[in-house]
Each structure stands twice: as structure tokens, then as C-alpha cells.
1. So if R0 is 41 Å, what FRET efficiency would Val79 and Ala51 give, r being the distance between their Cβ atoms, rounded to the nearest 0.05?
2. Roll a 1.4 Å probe over the protein chains and send me the accessible area per residue for the range 41-81 in Å².
3. How far apart, in nm, are the 7 Å Cα→Cβ label points at Arg158 and Arg91?
4. Run the 1.4 Å probe and let me know the accessible area of Glu76, rounded to the nearest 10 Å².
5. Sketch the reach of a paramagnetic label on Ala72 as a point 7 Å from Cα along Cα-to-Cβ, and name the residues of the range 171-205 whose backbone nitrogen lies under 13 Å away.
6. I need the per residue convex hull volume for the range 19-151, using only the alpha carbons, in cubic angstrom as a whole number.
7. Need one word for the range 97-196: rounded, prolate or oblate. Basis is the Cα gyration tensor (sqrt eigenvalues a ≥ b ≥ c); a/c below 1.5 gives rounded, then a/b vs b/c decides.
8. Residue by residue through the range 23-38, what is 3J(HN,Hα) from phi via Karplus (6.51 cos²θ - 1.76 cosθ + 1.60, θ = phi - 60°)? Round to whole Hz and write x for glycine and proline.
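The values are calculated or read from the model by the stated rules, or taken from the named source; none is laboratory data. As the structure is a computational prediction, the values presented were derived from the model and not from experiment. Note that each Cβ is placed from the backbone with ideal geometry, even for glycine, and that neighbours are counted across all protein chains shown. Heads up: the accessible areas ignore ligands, DNA and RNA and are worked out on the full protein's heavy atoms, side chains in. Shrake-Rupley method; radii C 1.70, N 1.55, O 1.52, S 1.80 Å.
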Amino acid sequence: MTPTPTPTRIPRALAASSVVLLLVLVLVGLDVHAAGVLTAGDLGTQAWFVAHRDPGATLLARTVSALGTPVAKTVEVLVVGSVLVLRHRWRRALLLVVATTLTGALTTIAKHLVDTGRPPRFQALAVEASPAFPSGHVTGTVVVYGLLAWFALATRGRLPAVSLAVVLVVLTALSRLYLGVHWLSDVLGGALLGTGVLLLAIAVDVARARATRSAPPRRGRPPPAARPAQALNDPTATPTP
């Protein structure tokens, strides 16, 4: 007989993956700080984007990049968080706020520890003053849009939500390279940090959902097992047709 997976197996695997990615980020940061092998493609990538600029692409890059600013991300989190609270999903609203706050704090710490410069200002189409590594735009986009896509997995709109999240992450990364405000290694660092935080947040959400299902029923309410899994908004459950 095949053993039944323990309820904590998936959250632990996600948390372990998060730790691995964050450790990889540390190694990448050390290499970038020392101008090591991972920075070899920075100059060539930057030169290619500068040589292929045009007005239409510049407008698109500026628009996409504006969606990744700290102000824009704060507004997005507040709007989505308010909707979640109104739908009585306050735990997920709290998770979104905490994950976003953690992302900002870790990004700031990493920037000051690695402390690398940005591409030359005369080639940049935007002005940024903070250290380059990792890209805060990419990190925040991965976490915020990744969590929104995760929340949508138990709904009929899961495919469009996941597709849109992936497209926005890719466009944000490309926009930062196109505008000349980040090196390729900065974008890689942002993707690693953002994915690490995202997996950790998903692990917390899965553990919380499974704990809710296994908790003793409250008086006057049916046991959690008797209610559809989708009613608990558990993205790991198969959606009800």
C-alpha cells in the first residue's frame, strides 16, 4: 500500500526550496560584488538593448516599469488586500502585506550589502539612485503578481491569472534592462529573491489551509472535511466543476 503523504510534506518542500534559492542568491550576490563570472554578460546585454531602442518600445518599457515602483506596488497591495478582507479572506490579505513588506526589507538589505553601481547614466532612460543589485522592480513583481496568481489557482480564472503574472514579470525584467537602469545580473538577483519569498509565502498559505481543514469543527458548523475544499479557498485542491 502506498503511504499517504503527510499534510506537512508540501509546505516543507516549498520552504526548503525557498531556503535553497535564498542561499543561491547569497552566492550570486558575492560573485556580483566581486565582479565575477556572473557579470560577464552585463555589458553585452546592456549594449544590445541600447542599440535596439525605438519610441514605441520606450513607451512600453516606461509604462511597465511604472507598475513596478514601490508606490504602485503599495497601491496594488492595498487594493487587493481590501478586496480579500471584504471577501473574508483576511489571512491572505495579511499574508500579502507581510510578504510584500518582507520583500522590500530584504531587497534594501541586499542592495546595501552587495552595493554595486548601475549602468552609465548617459545611457539610461530613467534615473535611479539606489545600488543596483538586486532589481527591486523584478523582486516585487515576482512576489505580488506571483501571490495573486496563486490565490487565483482555485478559481476558473487561474489560467489567465498565471499567464498574466508570467508576462508581467518577464516584461518588467526586460523593461529594466531596456531603460538602462539595471544589469542582467541585477535582474537575475531580483528573480531569485522574489521567487524565494514567493515560495515561502505559498508554504505558509498551504500550511494554514491544511491546518484549517484538520482543525476540530466549531459548534453548530459542519466539520471541514464535509465542506468542499474550494470553500476553504485552498489552491492545492481540485476546483469544483
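1. Once the sixth-power term is evaluated, E becomes 0.60.
2. 58
3. Modelled inter-label distance: 1.9 nm.
4. 40
5. The answer is 171-177, 179.
6. Normalising the Cα hull of the range 19-151 by residue number yields 126 Å³.
7. Note, shape of the range 97-196 comes out oblate.
8. Per-residue couplings from phi come out as 5, 4, 4, 4, 5, 5, x, 4, 5, 5, 4, 8, 6, x, 5, 6 Hz.
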